[in-house]
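This report concerns only the one structure given below.
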There are 2 protein chains.
Amino acid sequence: MTQGVGDLDRSVGYALKQAAMALRVAMEAALRPLALTVSQYSCLEVLGQRPGLSAAELARAVFVTRQSMHALLLGLEERGLLERAATAPQGRALPTQLTDAGREILTEASAIVAAVERRMTAAFDREEVGRFVADLAACAEALNY
Amino acid sequence: MTQGVGDLDRSVGYALKQAAMALRVAMEAALRPLALTVSQYSCLEVLGQRPGLSAAELARAVFVTRQSMHALLLGLEERGLLERAATAPQGRALPTQLTDAGREILTEASAIVAAVERRMTAAFDREEVGRFVADLAACAEALNY
DNA sequence: CAGCGTATGTCAGGATACTGACATGACGCA
DNA sequence: TGCGTCATGTCAGTATCCTGACATACGCTG
């Protein structure tokens, strides 16, 4: 028999949505002094770990569309935080790289975000955090067949 | 010492965002046949469990603003899924209730969403799900001081 | 070599949620 | 009674993200 969701407080989806929203709000507040949105920070973070990515690759990594990433990159480029190749070395993909200013603000932002994550998981020990992350990854995987 | 986020695959925030996004996408796809958005479903679900709530109370329960909930309710009311008192019994709050059609579609939607949640947590046993939900709630709580 | 499929960058339009603002009604307090 | 505060409903404007579309560039295949 199929049943309904039942009590919201016991719903996995509700809890997941609530936790994700709390994290997003906390990150927005923490990043506001740097004038960075969560999407902008995510873009910088991915770019810091994997320099030379194209806009489309960045979009997939950050879970937004190419179009959103395009607008996002324009803003970050105008602020001098990253630079894009003027011409495509191959195909149409334009490699993107952080500037010195970009790496600098990323260092600050990354520390801020790490602090938020530590606050979120302050009640967990190292092992519990690992299991929690694995569970989250398993959830995402199970939904993306 | 403050450190950065490190490898994204080991970041709690990244995993949480990814799982929440996968769930949202899966729910949107599952609810599309009923022509319900996730926010609309959430509204109906809360209203089914707590009839008579005002728009402002619903907004807080669903984590949207009063204004968003207002527009959302107009759409659901026009579809005949819920009805709002024409005059306020007290104060300005207008109690909202599901119609028969609303309860009917909620039953379907709730089963659909429950199926998505089961798919998401298919690899967990009952105990693991409970712990997982508790962990999520602890994360949300730790961020809302 | 021509054609097809795929990936990318970019432009335009629309949906959704938010912030700001205003009016109204209830309540507490001097 | 009158005033200040708060909660609610509602309107307007804005931001953000999405879908749709088009042109371009590469790779594969007949």
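The values are calculated or read from the model by the stated rules, or taken from the named source; none is laboratory data. As the structure is a prediction and not an experimental result, all values here were calculated from the model. We place every Cβ from the backbone using ideal geometry, glycine too, and count neighbours over all the protein chains shown. Heavy atoms of the whole protein, side chains included, go into the accessibility calculation; ligands, DNA and RNA do not. Shrake-Rupley method; radii C 1.70, N 1.55, O 1.52, S 1.80 Å.
Considering A:ALA115, A:ALA138, A:ALA134, A:ALA142, the condition of being in a helix (DSSP H, G or I), in contact (Cβ under 8 Å) with a residue 40 or more places away in the chain and either in contact with a helix residue (DSSP H, G or I) (Cβ under 9 Å, 6 or more places away or on another chain) or closer than 15 Å to B:GLU128 by Cβ (or both) is satisfied by A:ALA115 alone. Just wondering, is there one or more residues in region A:111-133 that are closer than 25 Å to A:VAL25 by Cβ and touching a Pro at 6+ places or on another chain (Cβ under 9 Å)? Checked region A:111-133: at least one residue is closer than 25 Å to A:VAL25 by Cβ and touching a Pro at 6+ places or on another chain (Cβ under 9 Å). Across region B:33-63, the qualifying residues are those that are open to solvent by 40 Å² or more (accessible area, probe 1.4 Å) and within 11 Å of DNA strand D (Cβ to nearest atom), and the one among them that is nearest to the other protein chains (Cβ to nearest Cβ) is B:ARG60. Screening A:VAL25 against (1) over 14 Å from the mean Cα position of the chain (by Cα); (2) modelled with pLDDT under 95; (3) surrounded by fewer than 18 Cβ atoms within 10 Å (Cβ to Cβ) leaves a single unmet condition, (1).
State whether one or more residues within region B:100-113 are facing another protein chain (nearest Cβ under 9 Å), open to solvent by less than 70 Å² (accessible area, probe 1.4 Å) and in contact with a strand residue (DSSP E or B) (Cβ under 7 Å, 6 or more places away or on another chain). There is at least one residue in region B:100-113 that is facing another protein chain (nearest Cβ under 9 Å), open to solvent by less than 70 Å² (accessible area, probe 1.4 Å) and in contact with a strand residue (DSSP E or B) (Cβ under 7 Å, 6 or more places away or on another chain). Just one of the numbered conditions (1) in contact with a helix residue (DSSP H, G or I) (Cβ under 7 Å, 6 or more places away or on another chain); (2) touching a residue at least 40 places away in the same chain (Cβ under 8 Å); (3) away from DNA strand C (no atom under 12 Å from the Cβ) is not true of A:GLN40; which one? It fails just one condition, (2).
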